[in-house]
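No lab work stands behind these numbers, since they all come straight from the coordinates. The structure displayed is predicted, hence computed values, not measured ones. As a convention, Cβ positions derive from the backbone with ideal geometry for all residues, glycine included, and neighbour counts pool all protein chains shown.
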Amino acid sequence: MKNLLNLSSLAKFPFIASNIKYLNDDTYVFKPYTIVEINGVKFGIIGIVSSNMENLVLSKNIQEIYFKKL
């Protein structure tokens with residue numbers, strides 16, 4: 001988890017995820033969405049990660065979070 005948060009702070013783009021939440025208080029780890037404006041038109045972008053992440057990453061790396069099924 002620490003590595004993911006570190007990478008997000010170094011990125012030149014926002015990490016967004018509407019279905020990754022902290023176990024202890026049910027708050028979002030990252031903003032769930034962002035709005036960008038291109039040529040005067042606003043677009044909403046929603047971040048979603050696989051709800052199967054528990055099977056894709058090491059469990060020690062996701063102990064503080066959960067992936068909400070959407």
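Quick notes on this structure:
- Distant-in-sequence amide H partners of ILE48 (H built 1.01 Å from N, under 5 Å): SER18
- Over all other residues within a Cβ to Cβ distance under 11 Å of ALA17, the charged ones net out to +3, with Lys and Arg as +1 and Asp and Glu as -1.
- For LYS2, a cut-off of 13 angstrom between C-alpha atoms picks up these aspartates and glutamates, skipping any fewer than 8 places away in its own chain: GLU64.
- By average C-beta atoms within 10 angstrom, highest first, the peptides 52-58, 20-26: 20-26, 52-58
- Converting the Cα gyration tensor eigenvalues of the chain into ellipsoid dimensions via √(5λ) gives semi-axes, longest first, of 25, 14, 11 Å.
- Taking θ as phi - 60° and the Karplus parameters 6.51, -1.76 and 1.60, the scalar couplings of the stretch 46-51 work out to 9, x, 9, 10, 4, 6 Hz in sequence order, x denoting glycine and proline.
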